[in-house]
Structures are given as structure tokens and as C-alpha cells.
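Novice: Let me begin by handing over the structure; questions about it come next.
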Amino acid sequence: MKKVTRPDTSIDQQPARIAIATRITIGVAMGALGAVMLILAFPPYNVWPLIFLAFVPILLADYRVLPQRWAGLANAIGTGVWLYVYLTMIFGLNTSTWYMQAIALLVAVMLFATGRGLRVFNEHTHYRWFVLCGIASTIGVEMIRSFIPIIATHAYVGHAVHTQP
């Protein structure tokens, strides 16, 4: 019978682990970077190629940097900040348009609430459905919100490239 030995778990043999607070800070920064890229992709800045790269730091943060418990935070920050800025640029910031900023906050809360479940699902399936899940959820959310008259087609990601041939 072969004897099973435990691997050496001394400090010198373990890879350096990044503290959870550091991982959360990096994840928040990556979410903010994604928000900045999204903001710059839309009018009035029109740096439209950024729309194709903006979700990369957000997804990397949610699926690789942040602890599983905090998955969804980068998406909530990135998308929530972008929506808040974009909708404020369209509708202004006053007492009669407060609900548009509330929509951005609601979207951010929903993204954070669903982020952990999406990460668990993708880890469980070994990321087999990662791309299709992302496509279906993005198109599904865009379709559902197109039926809500108050927000209609405002802030569609396609608006960033609508002037390109």
C-alpha cells in the first residue's frame, strides 16, 4: 500500500497570496477603468473602438481578480458609473430627472447581486457557456429594457458605433 504524503505547506513553498483587500481594490480599479472606457466610447467623446475593449477589465476583475464573494462588483461599478454619467449627460441632474440616476443605481445593484451566481455557474461548467451566457444575458437585458418606455433605447451599447460603416 502506497503511503500518501501531504505536500510541504511551509511559507517558503506557498505562492504569494494577495490579500483580499488588495484584490478588492484592484477589482474596483478595473471596474472603474471599464467605466472610463465606456464613457469615452460614447458621444461626445466618440472613441468608439473602446466599446470593444471596455468590458475586458470588468470581466477579468469579476472572474479572476475579485474573491468569489465579491464577484459582480466590477461589473456593478463599471456599468453603474457609466450609466450614471451617460444618463446624466443626456437628461441632466435635477429634481425632475432623479429617476434616471436611480435606474443606474438599480442596474448596479442588480449586477452585483447576480455576479456571484454567474461566476459560480461558469466555474462549475468550466467556462463552457461563458461566451453564450454573456451574449444571451446582454441581448436579453437590452431586449427587456427596450420595452420599458421610460428608458427605451437610451444607452444601448450599439450607439457607440452607429456612425461607423
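Novice: Stick to Cα atoms and the Kirkwood definition of Rh, then tell me Rg/Rh for the chain.
Specialist: A ratio of 1.10.
Novice: Follow-up question, since we're still on this one. Each residue of the stretch 33-45 in turn: what ³J(HN,Hα) in whole Hz from Karplus with 6.51, -1.76, 1.60 and θ = phi - 60°, glycine and Pro shown as x?
Specialist: My calculation for the stretch 33-45 gives 4, x, 5, 4, 5, 5, 4, 6, 6, 9, x, x, 7 Hz in order.
Novice: How much length is gained on full extension from A102 to L53, taking 0.36 nm per residue of separation minus their Cα-Cα distance?
Specialist: Additional length available on full extension: 15.0 nm.
Novice: Same structure again: Which value in deg cm²/dmol, rounded to the nearest 500, describes the helix-derived mean residue ellipticity at 222 nm for the chain, given -39,500 (n - 2.57) per DSSP H run of n ≥ 4 and division by the residue count?
Specialist: Mean residue ellipticity, 222 nm, calculated: -18500 deg cm²/dmol.
Novice: Still on this model: Using unit Cβ charges (K, R positive; D, E negative) and no other charged atoms, how large, in debye to the nearest 20, is the dipole of the stretch 47-165 about its Cα centre?
Specialist: Roughly 240 debye for the stretch 47-165.
Novice: To the nearest 0.05, what FRET efficiency results for N46 and F130 with a Förster distance of 35 Å applied to their C-beta separation?
Specialist: 0.70
Novice: Another question about this same structure. Could you pull out the trypsin sites (Lys or Arg not before Pro) across the stretch 108-165 that fall in loop regions by DSSP (anything but H, G, I, E, B) with no more than 13 other Cβ atoms inside 10 Å?
Specialist: Loop-located and lightly packed - R128.
Novice: Take the Cβ-Cβ distance between V120 and H162 as r, set R0 to 30 Å, and report the resulting FRET efficiency rounded to the nearest 0.05.
Specialist: 0.25
Novice: What residues from the stretch 26-48 fall in the zone where the backbone N is under 20 Å from a label point 7 Å along the Cα-to-C-beta line of L60?
Specialist: Hits in the stretch 26-48 for L60 at 20 Å: 26-41, 48.
Novice: What is the distance in Å between the Cα centroid of the stretch 44-119 and that of the stretch 125-165?
Specialist: Here the two parts' Cα centres lie 13 Å apart.
Novice: Let me ask you something else. Amide H of F42: which non-local residues (sequence gap of 5 or more, or other chain) have their own amide H closer than 5 Å, using H built in the peptide plane?
Specialist: HN-HN under 5 Å from F42: V47.
Novice: What are the ³J(HN,Hα) values, in whole Hz, obtained from phi via the Karplus relation 6.51 cos²θ - 1.76 cosθ + 1.60 with θ = phi - 60°, for each residue of the stretch 98-107 in sequence order, with x given for Gly and Pro?
Specialist: Using θ = phi - 60°, the values come out as 4, 5, 5, 5, 5, 5, 4, 5, 4, 4 Hz.
Novice: In whole Hz, with x marking every Gly and Pro, tabulate ³J(HN,Hα) for the stretch 73-87 from phi via Karplus 6.51 cos²θ - 1.76 cosθ + 1.60, θ = phi - 60°.
Specialist: Karplus values, whole Hz, x for Gly and Pro: 5, 5, 5, 4, 5, x, 6, x, 5, 4, 4, 4, 5, 5, 5.
Novice: For the modelled label position 7 Å from the Cα of F147 along Cα-to-Cβ, which residues of the stretch 101-124 have backbone nitrogen atoms closer than 19 Å?
Specialist: Only 107 pass the distance filter.
FYI, it's all coordinate maths here, none of it is from the lab. Computed from a predicted structure; not experimentally measured. We place every Cβ from the backbone using ideal geometry, glycine too, and count neighbours over all the protein chains shown.
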